[in-house]
1. When the accessible area of region 21-101 is computed with all protein chains present and a 1.4 Å probe, what percentage of it is carbon and sulfur?
2. For region 21-101, what are Rg and Dmax over the alpha carbons, in angstrom?
3. Considering amide H positions built from the backbone, and no H for Pro or chain starts, which residues 5 or more places from Val97, or on another chain, come under 5 Å of its amide H?
4. Using 0.36 nm per residue of separation minus the Cα-Cα distance, give me the extension gain between Val26 and Thr81 in nm, one decimal.
5. Can you compute the modelled spin-label distance between Thr88 and Val47, with each label point 7 Å from Cα toward Cβ, in nm?
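The values are calculated or read from the model by the stated rules, or taken from the named source; none is laboratory data. Small disclaimer: the values here were computed from a predicted structure and weren't measured. Here Cβ is always computed from backbone atoms with ideal geometry, including for glycine, and neighbour counts include all displayed protein chains. Surface accessibility is based on the protein's heavy atoms, side chains included, excluding ligands, DNA and RNA. Shrake-Rupley method; radii C 1.70, N 1.55, O 1.52, S 1.80 Å.
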Amino acid sequence: MTVLLFAAGCKKDRITVDQSKQYSQVGHVPMNAYDGGWGLTLQPEGVADLSPGGDIVYRGTYKINGSKLKVTTSQNSGSYTFEIISDTQIREKKYGVILELIE
């Protein structure tokens, strides 16, 4: 019984990327035509497309380690760390932005 509870509790800390998954900022209100909010697309091969607010998308890679998702790009600051809240929501650690899976 304990093993089942432990396994169920850990499940929410992982995201499985067996197909393309697209996340979008929760509650974002655009200020202009170029303000698309945060967006993140994860591909099964470890490729990520990140838009950290605005209309520019940065190509990079990602790694999932427990409840952490790290996206690395060659542009700007180079890396972003997300906390996995559930299988449908993630939170960017530095800015606190919550992104939700678009289904």
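1. Whole-percent figure for carbon plus sulfur exposure: 48.
2. 11.8, 37
3. Glu92
4. Contour length minus the Cα-Cα distance gives 18.1 nm.
5. Spacing of the two 7 Å Cα→Cβ label points: 2.8 nm.
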